Structure formats: C-alpha cells, structure tokens
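*Asks:* The structure follows.
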Amino acid sequence: MISVDDKLKEIGKYIPQPDDDMLVCRCEEVTKGEIRQAVHAGMFTIEEIRRFLRCGMGLCQGQTCGKLVKGIVARELKVSPAELEPAVSRAPMRPMEMEILGRDGGDK
Amino acid sequence: MKRYDLIVIGAGPAGLSAAIEAAKCGMKPVVFDENAKPGGQLFKQIHKFFGSKEHRAKIRGFKIGDDLLKEAEEYGVEVVLNATVIGLYPEKEVTVKIGDEVKHFKGDAILAATGASENMVTFKGWTKPGVIGAGAAQTMMNLHHVMPGQRVLMLGTGNVGLVVSYQLLQAGCEVAALVDAAPRVGGYGVHASKVSRCGVPFYLSHTIMEAEGDEYVTGVTIAEVDDKFQFIPGTEKHFDVDTICVAVGLSPMSQLLAQAGCKMLDTPGGYIPECDEFGQTSIDGIFAAGDVSSIEEASSAMIEGRIAGVSIAAAAGYLTEEERKEQCGALESALGSLRKGMFAPENRGKILKETEEGIEISTNLLAKGYVAEDEITRYPGFVKKAGVHPVMECTQNIPCNPCQDACPKGCITIGENITSLPVVDVEKDCIGCGMCVASCSGQAIFLIDEEYEEGYASVTMPYEFLPLPEKGDTGTALDRSGKEVCLAEVVSVKSAKAFDHTNLLTIKVPKDMADKARFFQR
C-alpha cells in the first residue's frame with residue numbers, strides 16, 4: 001500500500017509531449033497524455049489510474065496495455081516499473097455477460 | 001460442487017504434460033481451456049525443436065502437440081474446451097464459465113498453466129489495421145492458412161521474431177526487414193542466419209517511428225536509436241509494407257495466481273508466482289508450470305509440467321517419496337540440460353565474448369544476422385577436405401545435439417555436454433547421405449564437395465520452401481547475407497520421410513563459391 005508520504009512526492013510540472021495523443025489503452029481509448037496528466041493529478045498507483053481512466057478495464061482486461069501503462073506511470077514518477085504496486089487481479093478474469101455472472105448461484 | 005483430484009488450467013504443453021503424469025499415477029485430473037482446441041501454442045509451431053532425444057529434438061512442434069493429445073487420451077485425461085476459468089480462490093476452488101453458466105469446482109490440487117500473452121510497443125499509428133502480433137501472424141498462417149500480408153516488417157529479433165519471419169517467407173510473404181531496438185540479435189544465431197541468407201536485411205539499434213496509412217498500414221518508417229533508445233535524426237528509413245509484425249517479448253498470464261493470493265514476484269521477465277522446485281506456489285496445493293511461471297521454450301514447459309504432475313501425485317499419496325525422487329530426478333536433469341548454454345536464464349542480458357570452447361563469438365552474427373566469411377572458419381564444424389563432407393555453421397552454445405546421432409559414419413561429435421559446438425572429424429568418411437543436414441533444427445549444416453566437377457563445387461543445403469526446385473533448374477546462389485554471388489544449377493533434390501520435410505537441395509556453383517553459396521533463388 002502506498003504511504004501518504006509517497007503521495008507528497010514532488011514530481012515536477014506536467015510538460016506536454018508530442019505523442020500525448022497516442023492511444024495506449026485501445027479498448028477504452030485512453031491516451032498517453034491522459035495517463036500522464038492523471039499522475040500529475042496525484043494518482044500514483046495503477047489501481048487509482050485504472051479506476052479514474054478505465055485503462056485496462058476493457059475487452060482485453062489490460063493484457064495489451066497493462067505493461068505500457070505501468071511504464072508510463074513509472075517514467076512520470078521517475079521510478080522503476082518494478083517499484084510500482086501491480087494492479088489488483090479480480091474475478092471474473094475474462095470479460096463476460098452480466099446475465100451469466102448474475103446467474104452464478106455459487107456452490108449448487 | 002464437483003471435486004477433482006487435480007484441476008489444470010490451460011491445455012498447452014505444460015498443462016497437458018502435468019495432467020498426463022498425474023493420470024499415469026492414478027489421479028483423475030481435469031484440464032480446462034478457454035480455447036476451442038487444445039495444445040496451446042504448439043500447433044502453430046511448424047519448425048523443428050531443439051534439444052536432444054529426451055526433449056524430442058528435431059521433431060516439429062505440432063507433431064509434439066499431436067503426440068501429447070494422444071497421450072492425454074490414452075491416460076484418460078478429461079479436457080474441457082471453451083471453458084474459461086474466471087476465478088481461482090485460495091481454498092482451491094475455481095469458477096469456470098462453460099457455455100452460459102458459471103460452474104464451481106474444487107480441486108485437491110490446482111495447477112495454473114495459463115501461459116503468456118504478447119507484449120506490445122506503442123509508436124505513431126500502432127493501432128492501425130495491419131499492425132499485428134507475431135502470434136497472430138502464426139495463427140493466420142499455420143492454423144488457418146491465410147497470409148497475414150504481402151510485405152511485412154518484423155519488429156523484434158528474439159526467437160519468436162526470427163522463427164515467424166522465416167515462416168512468413170515460407171508462406172510466400174516478403175519480409176522487408178527485421179528490426180530491433182537492441183544492438184544485438186536476441187534469438188538463436190542459426191534462426192537469424194536462415195532468414196538472413198534469404199535476403200532479409202537486419203536493422204539492429206533501430207525501431208519503428210511511424211506506421212503510415214490512412215485506413216490501414218501502407219508503409220513504415222524506422223530510425224536508428226542511441227544507447228538511450230532515442231531516435232537519431234537523419235537515420236530514418238522507409239519501407240512500403242502492408243503488415244507490421246510485433247515480436248517484442250511475452251508476459252506471463254499470472255492474474256489467476258495473483259487473485260488467489262499466491263506470493264508474486266515482479267521480475268524483468270514479468271509478474272510471476274514464487275514457486276519451489278516442484279512448481280508449488282506459496283499456497284499449499286496450488287502449482288504453476290510453463291510460461292506463467294517464467295517465459296521459456298515449449299520443451300521446458302513440458303518438463304516443468306511433468307515435474308509438477310509427479311509432485312502433485314506424490315503429495316496426494318499416489319507415489320512414494322522414493323518414486324517421486326526417481327521420476328523428478330530424471331526430469332530435472334532433462335530440464336537442466338535445456339537451461340544450459342549461451343541463452344541459459346543466468347546469461348540473460350550478458351554480453352558473451354567467447355563460446356564455451358574459448359572461440360571468439362561472431363560479432364557480425366549479432367549485428368547483422370549472419371556469420372561473416374572471415375569468422376566462420378574459426379569454428380570446429382567448418383572443415384575442408386577432399387570429397388563430400390559436412391560444413392556445420394553452428395557457432396553458439398545452444399542445447400541441441402541431433403546431428404551427432406544423425407551421422408551413420410560418426411563424422412560429427414558434440415559429446416556429453418549438449419551445448420558444445422559440433423566438431424567434424426575429417427578422418428571419418430562422409431557418404432553424403434545428408435541425414436545431418438535434415439536433422440539440424442537450425443538448418444546450419446551444408447554438404448560441400450569442392451571437386452564435384454572440373455571447376456565446380458556442389459553445395460547441399462536444407463530447403464523448406466515450396467514449390468521445390470527441380471533438377472536442371474537454374475537460378476542464383478545467395479551468400480550468408482542474402483547477396484547474389486553467382487549463377488547456380490540444381491543438380492539434385494532429395495526428399496525422404498526421414499528428413500521430415502527438410503528437403504536437400506544440391507546446387508552446382510563455381511569452385512571458388514563453395515564457401516560462399518548458402519541459398520538458392522530461382
């Protein structure tokens with residue numbers, strides 16, 4: 001869990017980059033710039049960024065962009081990607097219809 | 001809730017191997033796989049595998065897949081397809097979506113053999129149709145017999161990038177270039193060489209700047225990068241291509257294990273579960289095997305699966321500790337020999353200067369994809385003698401030795417250590433049967449006869465392209481770099497069942513071209 005002190009880390013100003021409009025999460029259409037801005041808005045964990053921007057929550061469930069998002073956030077925070085807490089894994093691990101999930105009666 | 005002795009997630013090489021071993025011991029395993037067909041990635045692998053006999057070397061991947069399925073059936077392994085495991089819980093319960101229902105199962109043991117997914121890189125235009133993963137290209141070509149494109153640029157020179165480039169050529173695509181941001185070729189030199197001699201240029205320390213095209217890919221611009229991976233202005237190169245293939249590594253699909261609460265490690269190779277020597281995670285009874293626990297070759301995944309299967313059977317009381325030790329011992333030694341050599345896990349990221357024999361490594365091979373003419377002569381497989389004889393252009397220590405068993409005359413020696421470079425004994429008489437040529441998974445063996453005819457030499461090469469040339473055909477001989485060097489005439493084409501689709505093409509070239517001509521183009 002990230003500590004409050006980490007949240008106070010000064011990471012400098014958001015400086016626009018020429019490729020900020022590049023799509024990173026294609027399922028949810030989230031750009032590199034949006035991810036970078038989210039970090040500057042104080043979202044330092046993958047979990048927060050995912051909830052805020054929905055990157056990694058689309059059809060492929062972050063299979064394609066997970067590592068890319070982590071790389072962008074790490075670069076923005078000037079840390080190694082390994083230092084970032086990975087996103088939480090939750091069931092259902094694959095996208096599925098709510099109708100089917102809703103009928104899951106558990107152990108019957 | 002239905003209970004199983006063992007629930008395996010993933011019917012790829014690791015999962016099936018584990019289920020087979022467990023079933024052999026009397027367990028009743030079930031294997032769930034989200035795909036419509038079992039076998040994981042094995043059925044896309046049309047090339048011959050490396051290793052030695054115990055690893056099923058020189059057998060093509062899809063054939064190994066067939067055999068694995070047969071073995072699974074023989075031992076009564078239940079394989080449930082179109083069954084997506086959506087949750088794994090520490091109580092060893094799994095939830096599986098089958099049809100339009102979520103079903104719950106409990107296993108005395110669980111093995112996650114969920115494999116890996118392809119990494120992506122972003123560049124301008126990377127979301128355009130025509131930018132695909134190398135795995136997708138393999139699926140299209142080798143499973144569905146569809147050409148991914150006419151002209152392809154491959155990004156990534158690891159084994160996947162190299163092998164898929166060769167398969168693209170086999171499928172009839174043109175490969176415009178092989179590009180890698182790293183300064184050195186990442187995969188086996190023999191894989192690089194067989195692509196290079198077909199005339200595909202390698203651009204190391206280069207990466208993609210932009211995929212061009214309005215609606216879909218019509219071209220690509222690459223540029224050189226410095227040691228900080230920043231583009232060097234003025235080094236841009238453009239290629240007209242309709243497909244860009246990306247082969248930049250794999251990431252373990254370990255989310256289920258993370259969800260279950262297994263202790264995870266964030267490594268440069270991906271997010272993997274911490275496992276003991278038997279493949280057991282931090283949760284008692286939950287195991288992992290294959291790419292999900294660390295990215296390796298399918299051969300290693302199958303052995304890891306078998307070790308996990310045996311260990312699970314022993315833990316459940318189906319094997320005594322002695323039986324387990326005996327079986328695991330043999331498997332571990334087989335796995336150990338695959339993890340030796342220049343590409344061994346401990347050598348990842350290291351720059352090696354010399355082979356195990358103390359021979360200087362070919363720098364040209366790493367920078368351009370082929371061994372230079374003045375470098376090849378220093379390896380023990382490169383010999384000169386009167387009459388027909390093998391010339392083995394095997395210059396890196398990789399775990400592979402089928403050539404030494406292939407020669408009926410004992411001309412070729414690798415020895416006990418399967419990563420040693422092959423040595424040709426010039427005292428032994430080569431009969432020119434070509435068994436060594438066909439047995440080499442790296443297509444690195446040639447038969448040379450410098451006195452084929454007055455003023456002419458013959459070069460016999462492994463040839464895996466269709467349609468096959470015929471005797472009497474004339475064309476051009478290409479050297480190791482794919483450059484045209486002379487006219488060549490086909491003097492023999494041999495195909496035999498024992499060669500397993502590696503045809504032996506013999507061309508006649510001027511005598512001074514015997515050491516240069518390595519490929520034939522009509």
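None of the figures in this text is laboratory data; all of them are computed from the coordinates on show. The model shown is predicted, which means the values in this text are computed figures rather than measured ones. Don't worry about glycine lacking a Cβ; one is built from the backbone with ideal geometry, like all the others, and counts go over all protein chains shown.
*Asks:* Dipole magnitude of the range A:37-82 about its Cα centre, charges +1 at Lys/Arg Cβ and -1 at Asp/Glu Cβ only, in debye to the nearest 20? Intermediate values should be presented prior to the final figure.
*Replies:* On the way: 7 positive and 3 negative charges, 18 e Å.
Once rounded to the nearest 20, the dipole reads 80 debye.
*Asks:* Give B:LYS237/B:LYS483; A:LYS32/B:LYS263; B:LYS48/B:LYS228; B:LYS53/B:LYS494; B:LYS28/B:LYS48 a once-over and call out the pairs whose C-alpha atoms are over 27 Å from each other.
*Replies:* Over 27 Å apart, Cα to Cα: A:LYS32/B:LYS263; B:LYS48/B:LYS228; B:LYS28/B:LYS48.
*Asks:* If you bin every alpha carbon distance in the range B:45-124 into 10 Å steps from zero, what whole percent lands in each bin?
*Replies:* 13, 28, 32, 23, 4, 0
*Asks:* Still on this model: Given a Förster distance of 60 angstrom, what is the FRET efficiency for B:LYS28 paired with B:GLU454, based on the Cβ-Cβ distance and rounded to 0.05?
*Replies:* So, using R0 = 60 Å, E works out to roughly 0.25.
*Asks:* Here is a follow-up. For the range B:299-358 and the range A:14-57, compute the distance between their C-alpha centroids and round to whole Å.
*Replies:* One Cα centre to the other: 41 Å.
*Asks:* On average, how many beta carbons from a partner chain sit within 10 Å of the beta carbon of a residue in B:343-355?
*Replies:* On the way: counts 0, 0, 0, 0, 0, 0, 0, 0, 0, 0, 0, 0, 0.
Counting other chains' Cβ atoms within 10 Å and averaging over B:343-355 gives 0.
*Asks:* Does anyone have the angle between helix B:61-74 and the longest principal axis of chain B? Alpha-carbon axes, 0 to 90°, nearest 10?
*Replies:* 30
*Asks:* Would you mind estimating how fast the protein assembly as shown diffuses translationally, via Stokes-Einstein at 4 °C and 1.567 mPa s with the Kirkwood radius over Cα pairs, in µm²/s?
*Replies:* After rounding, the answer is 49 µm²/s.
*Asks:* Now for a separate question. With the contact rule set at Cα under 8 Å and sequence spacing of 6 or more, what percent relative contact order holds for the range B:306-432? Let's see the in-between values first.
*Replies:* On the way: 155 pairs, mean separation 25.1, N = 127.
Averaging sequence separation for qualifying contacts and normalising by length gives 20 percent for the range B:306-432.
*Asks:* Once both axes come from the Cα atoms, what is the angle between helix B:321-338 and the longest principal axis of chain B, in degrees from 0 to 90, rounded to 10?
*Replies:* Compared with the principal axis, the helix lies near 30 degrees.
*Asks:* Oh, and also: Plugging the Kirkwood radius over Cα pairs into Stokes-Einstein for the range B:276-367, at a temperature of 4 °C and a viscosity of 1.567 mPa s, what D comes out in µm²/s?
*Replies:* Answer, rounded: 85 µm²/s.
*Asks:* For a label point 7 angstrom out from the Cα of B:GLN150 toward its Cβ, which stretches of the range B:218-251 have the backbone nitrogen within less than 16 Å?
*Replies:* It comes to B:218-220, B:239-244, nothing else.
*Asks:* Which pairs break 28 Å Cα to Cα here: B:LYS368/B:LYS471; B:LYS58/B:LYS384; B:LYS63/B:LYS508; B:LYS2/B:LYS70; A:LYS78/B:LYS92?
*Replies:* Correct reply: B:LYS368/B:LYS471; B:LYS63/B:LYS508; A:LYS78/B:LYS92.
*Asks:* Counting Lys and Arg as +1 and Asp and Glu as -1, what is the net charge of the other residues whose Cβ lies under 14 Å from the Cβ of B:LYS353?
*Replies:* Numbers: positive: B:ARG184, B:LYS350, B:ARG378; negative: B:GLU354, B:GLU356, B:GLU357, B:GLU360, B:GLU375.
Local net charge: -2.
*Asks:* Something else: Based on DSSP H runs of at least 4 residues, each adding -39500 (n - 2.57), what is the mean residue ellipticity at 222 nm of chain B after dividing by all its residues, to the nearest 500 deg cm²/dmol?
*Replies:* That comes out to -6500 deg cm²/dmol.
*Asks:* On to the next question. Largest first and in whole Å, what are the equivalent-ellipsoid semi-axes of chain B based on the Cα gyration tensor, each being the root of 5 times an eigenvalue?
*Replies:* Listed largest to smallest, the semi-axes of chain B are 41, 28, 20 Å.
*Asks:* Dividing the convex hull volume of the alpha carbon atoms of the range B:356-417 by its residue count, what do you get in Å³ per residue?
*Replies:* Taking only Cα atoms, the range B:356-417 has a hull volume of 107 Å³ per residue.
*Asks:* Please arrange A:MET93, B:MET264 by counting, for each residue, the other beta carbons lying within 10 Å of its beta carbon, fewest first.
*Replies:* Listed from fewest to most nearby Cβ atoms, that is B:MET264, A:MET93.
*Asks:* Quick one: Cα centre-to-centre distance for the range B:448-522 and the range B:374-432, in angstrom?
*Replies:* Rounded to whole Å, the Cα centres lie 19 Å apart.
*Asks:* Next question, about the same structure. Could you list A:VAL24, B:VAL491 so that the one with the fewest beta carbons within 10 Å of its beta carbon is first and the one with the most is last?
*Replies:* Neighbour counts put them in this order, fewest first: B:VAL491, A:VAL24.
*Asks:* To continue, here is another question. In whole Å, how far is the Cα centre of the range B:145-169 from that of the range B:1-54?
*Replies:* That distance is 27 Å.
*Asks:* Of the residues A:ILE11, A:ILE46, A:ILE35, which exhibits the maximal mean-square fluctuation in a Gaussian network model of chain A defined by a 10 Å Cα contact cut-off?
*Replies:* Evaluated over chain A, the most mobile residue of the options is A:ILE11.
*Asks:* Putting +1 on Lys and Arg Cβ atoms and -1 on Asp and Glu Cβ atoms, find which of B:GLY156, B:HIS144, B:ALA289 reaches farthest to the positive end of the dipole of chain B.
*Replies:* B:HIS144
*Asks:* In the P(r) worked out for the range B:66-225, what percent of Cα pairs fall beyond 28 Å?
*Replies:* Roughly 41 percent, rounded to a whole number.
*Asks:* When we measure straight from the Cα of B:LYS325, which aspartates and glutamates land under 17 angstrom away, once same-chain ones fewer than 8 places off are left out?
*Replies:* Straight-distance partners of B:LYS325: B:GLU21, B:ASP276, B:GLU277, B:GLU304.
*Asks:* Follow-up question, since we're still on this one. For the range B:157-196, with equal point scatterers placed on the C-alpha atoms only and solvent neglected, what are the log10 I(q)/I(0) values from the Debye formula at q = 0.16 1/Å, to two decimals?
*Replies:* Cα-only, vacuum Debye calculation for the range B:157-196: -0.34.
*Asks:* Given an 8 Å cut-off on Cα distances and at least 6 residues of separation, report the relative contact order of the range B:405-491 as a percent.
*Replies:* RCO, the range B:405-491: 16 percent.
*Asks:* Which number do you get for Rg(Cα) / (2.2 N^0.38 Å) in the range B:285-427?
*Replies:* 1.34
*Asks:* Determine, from the Cβ-Cβ distance of A:PHE52 and A:ASP21 and an R0 of 22 Å, the FRET efficiency 1/(1 + (r/R0)^6), rounded to the nearest 0.05.
*Replies:* Details: r = 19 Å, r/R0 = 0.85.
Plugging the Cβ-Cβ distance into 1/(1 + (r/R0)^6) gives 0.75.
*Asks:* Count the DSSP beta bridges whose two residues both fall in chain B, then state the antiparallel fraction as a percent rounded to the nearest 5.
*Replies:* DSSP beta bridges in chain B are roughly 65 percent antiparallel.
*Asks:* Given the range B:196-269, what whole percent of its Cα pairs are spread farther than 15 Å?
*Replies:* The proportion of pairs with Cα distances above 15 Å equals 70 percent.
*Asks:* How large is the translational diffusion coefficient of the range B:406-522 in µm² per second when you combine the Kirkwood radius over alpha carbon pairs with Stokes-Einstein at 20 °C and 1.002 mPa s?
*Replies:* Reported coefficient: 145 µm²/s.
*Asks:* Another one. Using the Cβ atoms and a cut-off under 11 Å, what net charge is assigned to the surroundings of B:GLY130, where Lys and Arg are +1 and Asp and Glu are -1?
*Replies:* Every neighbour counted, the sum reads -1.
*Asks:* How many percent of all Cα-Cα pairs in the range A:25-108 sit more than 22 Å apart?
*Replies:* Taking all Cα-Cα pairs of the range A:25-108, the fraction more than 22 Å apart is 30 percent.
*Asks:* Here's a follow-up. What does the extension gain come out to for B:LEU468 and B:LYS483, with contour length at 0.36 nm per residue minus their alpha carbon separation?
*Replies:* 3.3 nm
*Asks:* Let me ask something else. What distance in nm separates the two pseudo spin-label positions at B:ASP429 and B:THR413, each 7 Å out from Cα along the beta-carbon direction?
*Replies:* Here the modelled spin labels are 2.0 nm apart.
*Asks:* Still on this structure, please answer the following. Quick one: what are the phi-derived ³J(HN,Hα) couplings along the range B:209-224, Karplus 6.51/-1.76/1.60 with θ = phi - 60°, whole Hz, x for glycine and proline?
*Replies:* Rounded to whole hertz, the list is 8, 7, 9, 9, x, 7, 9, 7, 5, 10, x, 8, 10, 10, 8, 6.
*Asks:* Sequence gap at least 6, Cα distance under 8 Å: using those rules, report the relative contact order of chain B to the nearest whole percent.
*Replies:* Over chain B, the number comes to 14 percent.
*Asks:* So how do B:HIS145, B:HIS238 line up by other beta-carbon neighbours within 10 Å, fewest first?
*Replies:* B:HIS145, B:HIS238
*Asks:* Subtracting the Cα-Cα distance from 0.36 nm times the residue separation, let me have the gained length for B:GLU356 to B:MET1 in nm, one decimal.
*Replies:* Net length gain for the segment: 122.2 nm.
*Asks:* Please report Rg over Rh for the range B:211-341, where both radii come from the alpha carbon positions and Rh follows the Kirkwood definition.
*Replies:* Result for the range B:211-341 is an Rg/Rh of 1.20.
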